[in-house]
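So the structure is just underneath, and the comments pick up after that.
The values are calculated or read from the model by the stated rules, or taken from the named source; none is laboratory data. Note that the structure is a prediction, hence the values are computed from the model and not measured. Virtual Cβ from ideal backbone geometry, glycine too; neighbours counted across all protein chains shown. Accessible surface is based on the protein model in full, side chains and every heavy atom, while ligands, DNA and RNA are left aside. Shrake-Rupley method; radii C 1.70, N 1.55, O 1.52, S 1.80 Å.
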Amino acid sequence: MDMNRESIAIDARIAHEADRYAIDVMKIPSLDLMYSASSSVCDFIMEEYFSGNLSVHLSDCRSKCLGKKLICVAGVGNNGGDGACIAGIIKDKEIKNVETQLIVCGNLEKASPEFLYQLSVYKKLGGNVKFYKEEGDLRKEALSIDDKKSVIIVDALFGTGLAREVAGSFAALIAEMNELKSEGAVVVAVDVPSGINTDNGKVMGIAAFADATVTFGYNKKGLITKTGKEYAGRVIVKDIGIPEEAYRKVMNA
């Protein structure tokens, strides 16, 4: 990856248009990009929490996470598709003593095709799926693990496209994520913490506090503001295969 991908921050428009250019013009399959993004999150989680190479960047209580249960919290858009794909990849690896759980929040009638595909893959692998219906559903899944430091929550509820205040069951779910984090669970956000505005770092009603955020392509403007940094934790920028040409085209448009 070019070093400027670490130092340059982009807004939501550039992120979305570069993605569309890569798919529509350069003919890179959207599912290939999704798998690459999800794999990069899995690689980070595997290195940080499922191996002996524990991070020196996180606090002691976070770096002692043993990773006994991975809970992916997913919306029904493409960010949620990443979450379902992450759950599927970890499930498929059959890591000893590691349980996976996918919690879905949102109306499946409004789901993206990519999310529905990843959901079907995860189900075919025998993965556990729960649809978030009421406050407490996430906590129930974490209760099976006595030590909350062994719970990893992947925040894939909202991505860079969030443009409205978070409310209802989505707000309740984010609140549960934050409560579990306060009790020792590790939260890893996909692209941006849910509830953080990609362009300015503002909290859209409520937002997820992440220990780490794996963002794609380039850093995001909202993650380098004071508030964005506070909620994002450590930010890791991953190249997922969107060519530089795609970014140059939309940056110069």
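Is the chain best put as rounded, prolate or oblate by its Cα gyration tensor, with a ≥ b ≥ c the root eigenvalues, rounded for a/c under 1.5, and otherwise prolate when a/b is larger than b/c, oblate when not?
rounded
Longest exposed-loop-site-free stretch of the chain, with GluC sites (Glu not before Pro), DSSP loop and at most 10 other Cβ within 10 Å?
135-253
Quick one: Cα centre-to-centre distance for segment 208-253 and segment 193-207, in angstrom?
Answer, in whole Å: 13.
Pull out the extension gain between HIS16 and LYS202, defined as 0.36 nm times the separation in residues minus the alpha carbon to alpha carbon distance; nm, one decimal.
Result for the pair: 65.1 nm of gain on full extension.
By DSSP, what percent of the beta bridges with both residues in the chain are antiparallel, rounded to the nearest 5?
About 5 percent, rounded to the nearest 5.
Please work out the FRET efficiency for the pair ILE8 and ARG139, using the Cβ-Cβ distance as r and a Förster radius of 22 Å; give the result to the nearest 0.05.
Efficiency, from the Cβ-Cβ distance: 0.05.
If I take every Cα pair under 8 Å that is 6 or more residues apart in the chain, average their sequence separation and divide by the length, what percent do I get for the relative contact order?
23 percent
Given the options THR215, THR227, THR100, which has the most mean-square fluctuation in a GNM of the chain, springs set between C-alpha atoms less than 10 angstrom apart?
Evaluated over the chain, the most mobile residue of the options is THR227.
With springs only between Cα atoms under 10 Å, which of LEU173, LEU116, LEU102 fluctuates most in a Gaussian network model of the chain?
It is LEU116.
For segment 155-243, with all protein chains present and a 1.4 Å probe, just round the carbon and sulfur fraction of the accessible area to a whole percent.
50 percent
Say each of ALA175 and ILE224 gets a label point 7 Å from the Cα, pointing the same way as Cα to Cβ; how far apart are those two points in nm?
The modelled label-to-label distance comes out at 3.5 nm.
In this model, which of LYS69/LYS96; LYS130/LYS229; LYS140/LYS181; LYS91/LYS133 are farther than 20 Å apart at the alpha-carbon?
LYS130/LYS229; LYS91/LYS133
Per residue of the chain, what 222 nm ellipticity follows from adding -39500 (n - 2.57) for every DSSP H run with n ≥ 4, rounded to the nearest 500?
Here the helix-only value at 222 nm equals -12500 deg cm²/dmol.
With θ set to phi - 60° and the Karplus curve 6.51 cos²θ - 1.76 cosθ + 1.60, what are the ³J(HN,Hα) couplings of segment 34-41 in order, to the nearest whole Hz, using x for Gly and Pro?
5, 5, 5, 4, 5, 4, 5, 5
Hey, in the GNM for the chain with a 10 angstrom Cα cutoff, which one of GLY126, GLY88, GLY233 fluctuates hardest?
GLY126
At 0.36 nm per residue, and after removing the present C-alpha to C-alpha distance, how many nm does the segment from ASP43 to ARG164 gain when stretched out fully?
Gain in length upon complete extension: 40.4 nm.
Note down the accessible area of SER30, probe 1.4 Å, to the nearest 10 Å².
Counting only protein heavy atoms, the figure is 30 Å².
Per residue, how large is the accessible surface of the chain? Use a 1.4 angstrom probe and give square angstrom.
Roughly 44 Å² per residue, with all protein chains present.
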